[in-house]
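Trainee: Sharing a structure below in structure tokens format, with a few things to ask.
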Amino acid sequence: LCAPAAAQSPEKPVGVGLMMGVPFGAAAKYWLDGRNAVQAAFGVSEGNADYHVDALRHFDSVLPRGKEGGRIPLYAGLGVKGKSEKPTFVGLRFVGGVACFLQRHPVELFAEVAPVLRLAPNEGASFDGGVGARWYFGLP
């Protein structure tokens, strides 16, 4: 069912899709190499614009291989988040998740959680999380 993430990312480095959770909206990922990527999402949460950008590192050998040699990589990273509440807040995201790359289609399914440290205008904490899918295609 799932294929190695490192094998797919250099061939089709850009993934675009949808995320359901916080935020509910568009999700994208750009692979820098076989282990490192940058992801972003823009959508809505509680009626406000909600967006984030994260730098990710993928760990392909943590979970056992599937019957057909596929892997399901775990990932972790650090990012920034903004939300257009009154007043707009900015924070740091500490994200962790799991991805599954379909073998016969250039599709990634993912689930992630991200505690958020609110930095401005007030200090505090919040929590992001969601599931989604991205379709991968190559650059021209």
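Trainee: What accessible area per residue comes out for segment 12-121, rounded to a whole number of Å², with a 1.4 Å probe?
Mentor: The answer is 50 Å² per residue.
Trainee: Something else: For the chain, take every pair of Cα atoms, bin their distances at 10 Å starting from 0, and report each bin as a whole percent.
Mentor: 13, 44, 30, 12, 2, 0
Trainee: Also: Taking all protein chains together and a probe of 1.4 Å, list 12, 86 from the most accessible to the least accessible.
Mentor: 86, 12
Trainee: Grab the Cα-Cα distance for residue 76 and residue 24, subtract it from 0.36 nm times how many residues apart they are, and report the gain in nm with one decimal.
Mentor: 16.7 nm
Trainee: Quick one: pull the percent of accessible area on the chain belonging to carbon and sulfur, 1.4 Å probe, ligands and nucleic acids left out.
Mentor: Result for the chain: 69 percent of the exposed heavy-atom area is carbon or sulfur.
Trainee: Also, quick follow-up: Tell me the mean residue ellipticity at 222 nm calculated for the chain from its helices only (DSSP H runs of n ≥ 4, each -39500 (n - 2.57), averaged over every residue, nearest 500).
Mentor: Value at 222 nm, helices only: -500 deg cm²/dmol.
Trainee: Right, here's the next one. Need one number: nm distance between label points at residue 49 and residue 102, each 7 Å from Cα along Cα→Cβ, rounded to one decimal.
Mentor: Between residue 49 and residue 102, the label points sit 3.2 nm apart.
Trainee: I've got another one for you. Say R0 is 25 Å: what FRET efficiency, to the nearest 0.05, do residue 126 and residue 62 get from their beta-carbon distance?
Mentor: Calculated transfer efficiency: 0.40.
The values are calculated or read from the model by the stated rules, or taken from the named source; none is laboratory data. None of these values were measured; they are calculated from a predicted model. A quick note on method: Cβ atoms are made from the backbone with ideal geometry, for glycine too, and the neighbour counts reach across all protein chains shown. Only protein heavy atoms, including side chains, enter the accessible area calculation; ligands, DNA and RNA are left aside. Shrake-Rupley method; radii C 1.70, N 1.55, O 1.52, S 1.80 Å.
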